[in-house]
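Presented below is the structure to which this report refers.
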Amino acid sequence: LVSVLETTSDIVSMADPQGRVFYFNRAGYEMLGLPVGTPLDDVIRRVHPAWAAQLVHEQGIPAAVREGRWLGESAVLDAQGREVPMSQLIMSHRGPDGQVDYLWTILRDISERKTIEADLERERAQLADAQAVAHVGSWIIQLPEGRLIWSDELYRVLGLDPQRVTPSKEAFMSVLHPEDLPWVRERVEQNMQRTTSGVNRFEHRIVTPQGVRHVEERAEVEVNAQGQVFRIVGTTMDIT
């Protein structure tokens, strides 16, 4: 067990029920820049930024003592003093009498994941901005369950309130111009029954609080190897 703990790239440490650390593995000493033999009693407050040390002391340790485990996101200060985001698991080990003998924790560097999440969030914001400028909403239908996903801009194009309306075929049909409703419904059903992938486009009218609007639909039907539609991805653009 010691051999495993000393070779893992995760930080592993153990502490008494009060949070006084008595063991750090090699990865912990190296990442945190602690000389081997450093007194560990108050190391939590020294290796974590203040907010993370408070989180561990006030939430992590009490939850692990009370419930057996705590999982959350904290951070440590590396050897250069830089804040490194961490996923942290704290668990308690109880003796035969049911009392907590010691706590152990594993910290895993999630810097790369955080960078990817930030990039994705930035891309989502850029896409939302682009859709708002172009007045184009996007949507996805997942089959066979028929689950619908709408972008924020699609709500605006359709004149619907995202706080009140859940994406659904019925919600979409409710804004169609009465004269266009029958053939648009037929077009939607045809797309769901296709046996080959492909893109199609058509125009129709909708009725919004701002009056009658003209929109262009572009739908890409995706079919699996069995010839069954599994997803339809599309856009709705205001072309009034």
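Structure data summary
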{"item": "Those residues of the range 79-101 which are touching a helix residue (DSSP H, G or I) at 6+ places or on another chain (Cβ under 8 Å), over 13 Å from residue 52 (Cα atoms) and open to solvent by 20 Å² or more (accessible area, probe 1.4 Å), in sequence order", "result": "79, 91, 92, 100"}
{"item": "Criterion violated by residue 174 - all others in (1) open to solvent by 70 Å² or more (accessible area, probe 1.4 Å); (2) in contact (Cβ under 8 Å) with a residue 60 or more places away in the chain satisfied", "result": "(2)"}
{"item": "The range 7-24 - residue that is over 17 Å from residue 86 (Cβ atoms) and exposed (fewer than 13 other Cβ atoms within 10 Å of the Cβ) and, of those, farthest from the chain's Cα centre (by Cα)", "result": "22"}
{"item": "Contacts under 6 angstrom Cβ, first residue in the range 102-125 being more than 18 Å from residue 12 (Cβ to Cβ), partner loosely packed, with under 13 Cβ neighbours inside 10 Å and of a type in the set (Val, Ile, Thr), 6 or more apart", "result": "none"}
{"item": "Candidate set: the range 198-219, residues that are touching an Asp or Glu at 6+ places or on another chain (Cβ under 9 Å) and closer than 14 Å to residue 156 by Cα; chosen: the one surrounded by the fewest Cβ atoms within 10 Å (Cβ to Cβ)", "result": "214"}
{"item": "Members of the range 130-159 that are surrounded by 14 or more Cβ atoms within 10 Å (Cβ to Cβ), of a type in the set (A, V, I, L, M, F, W, C) and without any contact (Cβ under 8 Å) to a residue 40 or more places away in the chain", "result": "132, 148, 150"}
{"item": "Checklist (1) open to solvent by 20 Å² or more (accessible area, probe 1.4 Å); (2) assigned to a helix (DSSP H, G or I); (3) out of contact with any helix residue (DSSP H, G or I) (no Cβ under 8 Å at 6 or more places or on another chain) applied to residue 104, failing item", "result": "(2)"}
{"item": "Test: residue in the range 66-78 that is touching a residue at least 24 places away in the same chain (Cβ under 8 Å), of a type in the set (Ser, Thr, Tyr), touching a helix residue (DSSP H, G or I) at 6+ places or on another chain (Cβ under 8 Å) and closer than 20 Å to residue 11 by Cα", "result": "yes"}
{"item": "Pairs where the first residue, in the range 17-45, is touching a residue at least 12 places away in the same chain (Cβ under 8 Å) and at positive phi and the second is surrounded by 14 or more Cβ atoms within 10 Å (Cβ to Cβ) and part of a loop (DSSP other than H, G, I, E, B), C-beta under 8 Å, 6+ apart", "result": "33/78"}
{"item": "Residues of the range 17-33 classified as outside any helix (DSSP H, G or I) and more than 22 Å from residue 63 (Cα to Cα), total", "result": "2"}
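The values are calculated or read from the model by the stated rules, or taken from the named source; none is laboratory data. Remember, predicted model here, so these are calculated numbers, not experimental data. So basically every Cβ, Gly included, is an ideal-geometry build from the backbone, and we count neighbours across all protein chains shown. Ligands, DNA and RNA are excluded from the accessible area calculation, which covers all protein heavy atoms including side chains. Shrake-Rupley method; radii C 1.70, N 1.55, O 1.52, S 1.80 Å.
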